[in-house]
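Okay, structure first, notes after.
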Amino acid sequence: EAAGTDQEAEAEAAGNPQEAETEAAGNTQEAETEAAGNPQETAAEPAAILQETQESGDGNSDTAVVYFSGTGNTKAVAQTMARILEAPVYEIVPEVPYTSSDLNYRDDGCRANREMEDAAARPAIASDLSQVDGCKKLYIGYPIWWGTAPRIIQTFLEARSLEGVEIHTFCTSGGSGVEQSVKDLQEL
């Protein structure tokens, strides 16, 4: 996570047009650690939240938080949201995991850039997300890539019937707003 954050900061500082994934609302991991008072507790908390939420079955079964995270920043936000909503949280896990080279926005040929340049790209999903199919309300989280949602979000949405489902999106971004991604997903 720390290596990814450093790489993203470098990409952002270099003036890259592609968006690097960073903490929502400009918060940094360091600030969260400082606020928590203990870096070890901060690192352990999201994993504990995920395990408790998925195993307990408690909370609102009509609501779920689903997310894709390239470096862990969106994951942290999703787990916090799931705790607040008392809803289960599910990760969109790519069939072929993204490596740091895949997310190197400085390389025009990196996997993330190739996918975002190809409107038909639909990266395969390895995780079983059938648990969300009966939900009436979905919170879907993702990093902003090239000003919009990564193609794997389209893979997720196109694989299910969403008629009557209330969808809320949230994202993490180094500088772009959510507006274009919301427009793109609404059109989808």
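The values are calculated or read from the model by the stated rules, or taken from the named source; none is laboratory data. These figures come from a predicted structure and were not determined experimentally. Cβ coordinates were reconstructed from backbone atoms using ideal geometry, including for glycine residues, and neighbour counts include every protein chain displayed. Areas reflect the complete protein model, heavy atoms only, side chains present, ligands, DNA and RNA absent. Shrake-Rupley method; radii C 1.70, N 1.55, O 1.52, S 1.80 Å.
Here Asn104 passes the criteria (1) surrounded by 15 or more Cβ atoms within 10 Å (Cβ to Cβ); (2) in a helix (DSSP H, G or I) except the one numbered (2).
Would it be correct to say that Val165 is β-branched (Val, Ile, Thr), over 16 Å from Ser69 (Cβ atoms) and free of Cβ contacts under 8 Å to residues at least 60 places away in the same chain? Spelling it out, Val165 is indeed β-branched (Val, Ile, Thr), over 16 Å from Ser69 (Cβ atoms) and free of Cβ contacts under 8 Å to residues at least 60 places away in the same chain.
Would you check which residues across the stretch 131-170 are of a type in the set (Phe, Trp, Tyr) and open to solvent by 10 Å² or more (accessible area, probe 1.4 Å) and list them? Steps first, please.
First, pick out the residues of the stretch 131-170 that are of a type in the set (Phe, Trp, Tyr): 139, 142, 145-146, 156, 170.
Selection gives Tyr139, Trp146, Phe170.
For the condition closer than 21 Å to Arg83 by Cα and touching an Asp or Glu at 6+ places or on another chain (Cβ under 9 Å), Cys110 does not qualify.
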